[in-house]
Each structure stands twice: as structure tokens, then as C-alpha cells.
1. Go through Ser168, Ser160 for me and flag whichever is within 30 Å of Pro45 (Cα to Cα), buried (at least 19 other Cβ atoms within 10 Å of the Cβ) and either without any contact (Cβ under 8 Å) to a residue 24 or more places away in the chain or in contact with a Ser or Thr (Cβ under 6 Å, 6 or more places away or on another chain) (or both).
2. Looking at this structure, is Asp142 at pLDDT 95 or above, more than 26 Å from Glu84 (Cα to Cα), over 21 Å from the mean Cα position of the chain (by Cα) and more than 16 Å from the ligand (Cβ to nearest atom)?
3. Yes or no: Asn143 surrounded by 15 or more Cβ atoms within 10 Å (Cβ to Cβ) and not basic (Lys, Arg)?
4. Being touching a helix residue (DSSP H, G or I) at 6+ places or on another chain (Cβ under 7 Å) and farther than 22 Å from Met248 by Cα is the filter; apply it to segment 150-160 and report the residue that is farthest from the ligand (Cβ to nearest atom).
5. Among the numbered conditions (1) surrounded by 19 or more Cβ atoms within 10 Å (Cβ to Cβ); (2) not β-branched (Val, Ile, Thr); (3) not in a helix (DSSP H, G or I), tell me where Glu261 comes up short.
6. Of the residues that make up segment 298-306, is at least one assigned to a loop (DSSP other than H, G, I, E, B) and within 16 Å of the ligand (Cβ to nearest atom)?
7. Just checking, how many residues over segment 18-72 are surrounded by fewer than 19 Cβ atoms within 10 Å (Cβ to Cβ), touching a residue at least 60 places away in the same chain (Cβ under 8 Å) and touching a Ser or Thr at 6+ places or on another chain (Cβ under 7 Å)?
8. Residues that are closer than 16 Å to Ile304 by Cα, part of a helix (DSSP H, G or I) and away from the ligand (no atom under 13 Å from the Cβ): does segment 239-254 have at least one?
Amino acid sequence: MSRFPATRLRRLRQSPAVRSLVRETSLEARQLVLPMFVREGLSEPSPIASMPGVVQHSLDSLRAAAVDAAEAGIGGVMLFGIPEVRDAEGSGADDPDGILNVATSAVAAEVGDALVVQTDLCLDEFTDHGHCGVLTASGAVDNDATLERYRSMALAQARSGSRLLGLSGMMDGQVAAIREVLDAEGFDDALLLAYSAKYASAFYGPFREAVDSQLKGDRRTYQMDPGNRREGVREALFDVDEGADIVMVKPAMSFLDVLREVRDTVDVPVWAYQVSGEYAMIEAASANGWIDRRAAILESLMSIRRAGADAVLTYWAGEAARWLRSL
Ligand code: PBG
């Protein structure tokens, strides 16, 4: 056994060149995906107070920002739509003229295949009650009726030019239901990203402002309990079995153990979502001068990659990509 003084672990840390040469984990622009918000009826982008630096886009500013993201070299953009009018079924979600579908066509036309155009597939932005699905008479979220809405939404998104559908609703059987309808309609190329281990998290707080969420109460009957790790792995295995191309763990930093375990268990790409609350915490501490903003952002992204994420959804995708280019 080699030990001190023959072995000195500090030799591996002696200079930037050596550290760079032996670093185990890489962080590259192509591994980053930028979530973006587009709001119906806006003529100018509108700031989101709890997410400094992030905006609700108008259609025009979204197009320009997508071009900018492509120039930064990131892997993709994930689009979220905020409709002007909501109803119990979330009709705006599968309306070809609904904001998300219109925005998807516009972005797809603008960036082509320079990056992967992706869409959030969930009803919560479109329902007047704010839940991710439709409700029964007694107000519970109706799993199987929601699957019918998701199938219709999936077709609308694929027809609008979305290349990758982000299944974030946490309904049982959603991957199989959507794969089936897409294949039947000739969209066998559309990728499915399953938000497999999506936890009912307090760290989604700023996102609720970002999408003007109508939710009262919580999502604990469909999103996962934060105490459960084994169940997160089980969710991922189910989704792979149903045909998911990629699985995800969300949020990222408070669930890095789940991320590692899922990465070690499945053989498909595994992504993580660095959510709005993670973003807000680092931005707020930085604004107070309490941490070094750029170093904290890069360390957070590196940690998520080290824990096993092949790619990361992060609101810093464009900015981080430009830093990584100049490193
Ligand atoms: C659901 C969805 C949510 C987020 C992404 N997709 C909100 C929720 O589940 O309550 C949160 C993302 C974030 O906090 O950054 N459509």
C-alpha cells in the first residue's frame, strides 16, 4: 500500500494546469438546457421579481433569446407558456393557437436544429385551478382523464415542432400514453424526457410567480415525498420501461443522492433540473455580497454533473455557457 510520504495527494492539486488535467468531471455548454417563459399578450419582456435576470418573454423577445442561446452553444431550450385565459381543462394547452404551441413554431423556425427545441408538457399553467391535471367532481386530480389531455397536448406540441417533450405532470402511465399516440400519428422521432423523480418541493416557489400559478394547496398527491429515495429509482425504472428516452431528477441540489442512484441504475441519459428556488438562493446571496456569484453558479453546476446528471436544466445556461467558453 502506498502511503505518505511516497504518496502525496496534494501533488495532484499543485497548479491550474495539473488540476485541469486530472479533473474527473467536465462541464460543457452542450450539456446545458435553458428553461424559458413566454407570456401571451406581452409586447415587452416582463421581469420576474423572485428570479432576478429571468423574464417572461414576449414572442419577439423569446425568438431573439432563443437565437442568443443557440449562439452560446447550449444544448437546448425548454419552453413554458403562460396563457391569457385559463379554464378547468387547460384548453390552451392543446389549442394549436395556444401560446406555447405558437411560441414553439416560432422558435423552431428561428433556430432550426442549432439546438434542441423542447416543451413542458403539463397542464398547470393552463388550468384555472393550477393543478397539473383535470379534476374529479370532488376536486381530486384525475389520473386517467388527465392522460387523455396529455395525449392531445403531446400531439399539439409535436405538430408545432417540439423535438423533445418534457413530461412534468407526475401522472402514472403518462410516458406510455404519450409514446403510443405520438407513434400512431407518425411522430416516432419526438423525444420523451420523463420528469421521473419529481419531488413536491418548496424550491419551486419562484416558478409559481414566473408562470402566474393559480394553485391553492399543494401537489403532494402526485409529486413525490421528499423523504423517498428508493421510490425515485422505482419511478425512473417505470418510465424507462414505458419508453422514456431520458429520465430526470428534480430539484437537483437537494436530491443529489437520488440523482446518483438513478444514474447508477438506468441505462438512458439522466438529467437534472436546477429549479427556480436554487436559482433564487444563489442570486439573493450574491446580491448581498455574501458569496462569489460566478464561482457559486459553476460549483453548483459541477456538483450536479458530478452526482450523475448528463445534462442540466438551469436558468444560468446561456451565461454559464459563455463563461465555459472563455475558461
Ligand atoms: C410543472 C413544472 C413546475 C416546474 C417545472 N415544471 C412547477 C411545479 O411542479 O409546481 C418548476 C420549475 C422550477 O421551479 O424552476 N409544469
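1. Details: Ser168 fails: either without any contact (Cβ under 8 Å) to a residue 24 or more places away in the chain or in contact with a Ser or Thr (Cβ under 6 Å, 6 or more places away or on another chain) (or both).
Exactly one of Ser168, Ser160 is within 30 Å of Pro45 (Cα to Cα), buried (at least 19 other Cβ atoms within 10 Å of the Cβ) and either without any contact (Cβ under 8 Å) to a residue 24 or more places away in the chain or in contact with a Ser or Thr (Cβ under 6 Å, 6 or more places away or on another chain) (or both), namely Ser160.
2. Working: at pLDDT 95 or above: yes; more than 26 Å from Glu84 (Cα to Cα): no; over 21 Å from the mean Cα position of the chain (by Cα): yes; more than 16 Å from the ligand (Cβ to nearest atom): yes.
No; evaluated as a whole, the condition is false for this residue.
3. Values: surrounded by 15 or more Cβ atoms within 10 Å (Cβ to Cβ): yes; not basic (Lys, Arg): yes.
So Asn143 passes the test.
4. So, considering only residues that are touching a helix residue (DSSP H, G or I) at 6+ places or on another chain (Cβ under 7 Å) and farther than 22 Å from Met248 by Cα, the one farthest from the ligand (Cβ to nearest atom) is Ser160.
5. (3)
6. In the first step, residues of segment 298-306 are kept if they are assigned to a loop (DSSP other than H, G, I, E, B); the result is none.
Scanning segment 298-306 turns up no residue that is assigned to a loop (DSSP other than H, G, I, E, B) and within 16 Å of the ligand (Cβ to nearest atom).
7. Within segment 18-72, residues that are surrounded by fewer than 19 Cβ atoms within 10 Å (Cβ to Cβ), touching a residue at least 60 places away in the same chain (Cβ under 8 Å) and touching a Ser or Thr at 6+ places or on another chain (Cβ under 7 Å) number 0.
8. No, because not a single residue in segment 239-254 is closer than 16 Å to Ile304 by Cα, part of a helix (DSSP H, G or I) and away from the ligand (no atom under 13 Å from the Cβ).
The values are calculated or read from the model by the stated rules, or taken from the named source; none is laboratory data. Treat the numbers as computed from the prediction; the structure is a model and nothing was measured. Every residue, glycine as well, gets a Cβ built from its backbone with ideal geometry; the counts of neighbours run over all protein chains shown.
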